[in-house]
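Nothing in this text is a laboratory measurement; each read-out follows from the coordinates by a stated rule. Because the structure is a prediction, the values reported are computed rather than measured. Cβ sites come from the backbone with ideal geometry, for glycine too, and all protein chains shown count toward neighbours.
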Amino acid sequence: MDDTVRHLAFTSEQLEDWDTRLLIFLRTVITSARQLTIEIDLSGLPPGAKRLLSLSEAVPEKTTYAKSAQDFLVTRIGRTAINLFAKIQETATFTGEIILAFVNLLIGKSPFRARDFFYFVQACGAESLPIVSLIAVLVGVILSFVGAVQLQMFGAQIYVANLVGLGMVLEMGALMSGVIVAGRIGAAYAAQLGTMQVNEEIDALRTIGISPVGFLVLPRMLALMLMLPLLCIYADIMGILGGSVIGVTMLDLSLIEYLEQTRKTLHLSQCGQGLLKSSVFGVLIGYAGCLRGMQCGRSALAVGEATTSAVVTSIVLIVVSDSIITFIINS
């Protein structure tokens, strides 16, 4: 446009037909004119074109990834910091609600129904036995086989029982039980609560004055905290029996000899260490699964993301807490 132009008007007296190409042209011209501070007169345009132009200006432009990628680094850092602070605040609020619900339970004001709690106990405990049995036996077999290959070189096959017993009781029993429960129960908790969030059932509980955390989250966490140590004990026993298979078949040890060597190796304090870890794992798995479920959005995609995040978060927390507990006990 010429720099001397100060006023722009349109006439449509001889315009018979028009389509969206006219609107695109007008929008381009108007945008350029406004950048040059040129006065615009739209009175000569067809009424339909004027309404569509007004509508296009009323609707905000959709922000795309390409546009957001042009943001300054400081802007992106600030936005990330704000989102992180919001997540921390949400997590702290969720933790506080759990503590308040647990205090109400201790003073006799149960926020959930007993039958709901026993249902979660069954789902966490008895229904998890088949997969825990399979994994624990195979882990015991692998530990004993790996140890047998090396110990046979020194004629110390009997110490395979020590290796398997200590490995299962101190680490593998609690760790494998935690990972299995995280994939099976933690994901289920996130999916259940996420689906309730999508269906607005959690909002309905808040509307009628029922705390969703006390009614939905607390029984799930207590069930996991109670049943995971029992699953750990069961996994320890099954792992030791799995190791005895290799000891009896490959190393020519008698079953009584193998079990007696295991009994001499293990102490009550070592068993307590595994139970402590499994109890902590139960709390963390329940916390992560329920937290991701409560943070879920209101779409099917959000439910899938919450389920995936629950499993990943649970496994990370299990490994980190296992390292911390082991360091504290052995330091």
Taking a crude spin-label model, label points 7 Å out from Cα along the C-beta direction, the residue 329 to residue 100 distance in nm is 3.6
Kirkwood calc, the range 7-63, C-alpha pairs only, radius in angstrom 12.2
For the range 119-214, the Cα-Cα pair-distance distribution in 5 Å bins from 0, as whole percents, is 2, 11, 15, 14, 12, 10, 9, 7, 6, 4, 4, 3, 2, 1, 0
Of 200-207, 313-320, ordering from highest average Cβ density within 10 Å down gives 313-320, 200-207
In a Gaussian network model of the chain with springs linking alpha carbons closer than 10 Å, the residue among 48, 272, 183 that fluctuates most is 48
So residue 90 and residue 42, fully extended at 0.36 nm per residue minus their Cα-Cα distance, gain in nm 12.3 nm
Packing-ranked peptide list from 211-223, 73-85, 244-256, highest mean Cβ count within 10 angstrom first, is 211-223, 244-256, 73-85
Charge tally for neighbours of residue 308 with beta carbon under 15 Å away, counting Lys, Arg as +1 and Asp, Glu as -1, is +1
Looking only at aspartates and glutamates whose Cα falls under 19 Å of residue 264's and that sit 8 or more positions away or on another chain, we get 171, 236
Rounded to the nearest Å, the spacing of the alpha-carbon centers of the range 184-231 and the range 120-152 is 28
Computed from the beta carbon distance with a Förster radius of 35 Å, FRET efficiency for residue 114 and residue 276 to the nearest 0.05 stands at 0.80
Nearest-0.05 FRET efficiency for residue 254 and residue 320 at R0 = 56 Å, using Cβ-Cβ distance, is 0.85
Phi-derived 3J(HN,Hα) across the range 179-185 with the Karplus relation (6.51, -1.76, 1.60, θ = phi - 60°), rounded Hz, x for Gly and Pro, is 5, 4, 5, 4, x, 8, 8
Scoring only Lys, Arg, Asp and Glu (+1, +1, -1, -1) among other residues with Cβ under 14 Å from the Cβ of residue 206 yields -4
Once residue 129 and residue 300 are pulled to full extension, the length gained, defined as 0.36 nm per residue separation minus their Cα-Cα distance, is 58.5 nm
Helix 268-294: inclination vs the chain longest Cα principal axis, degrees, rounded to 10, gives 20
Debye calc, one equal point scatterer per Cα of the range 113-330, no solvent, log10 I(q)/I(0) at q = 0.12, 0.14, 0.15 1/Å comes to -0.66, -0.82, -0.90
Mean separation of Cα contacts under 8 Å (at least 6 apart) over the residue count of the chain, i.e. the relative contact order in percent, is 22
Under the Karplus relation with 6.51, -1.76 and 1.60 and θ = phi - 60°, whole-Hz ³J(HN,Hα) for the range 318-331, x at Gly and Pro, equal 4, 5, 5, 5, 4, 5, 5, 5, 4, 5, 5, 5, 8, 8
If each K or R counts +1 and each D or E counts -1, the residues other than residue 318 whose Cβ falls under 13 Å of its Cβ total -1
Of 141-150, 33-42, ordering from highest average Cβ density within 10 Å down gives 141-150, 33-42
Cα pairs beyond 18 Å in the range 38-185, in percent, come to 80
Once amide hydrogens are built 1.01 Å from N within the peptide plane, the residues lying 5 or more places from residue 40 or on another chain with amide H under 5 Å from its amide H are 8
Going residue by residue through the range 17-34, the Karplus relation 6.51 cos²θ - 1.76 cosθ + 1.60 with θ = phi - 60° gives ³J(HN,Hα) values, rounded to whole Hz and with x marking Gly or Pro, of 10, 8, 9, 5, 4, 5, 5, 5, 5, 4, 5, 5, 5, 5, 4, 5, 5, 5
Answer in debye to the nearest 20: the dipole magnitude of the range 7-63 about its Cα centre, from +1 Lys/Arg and -1 Asp/Glu charges placed on Cβ, is 260
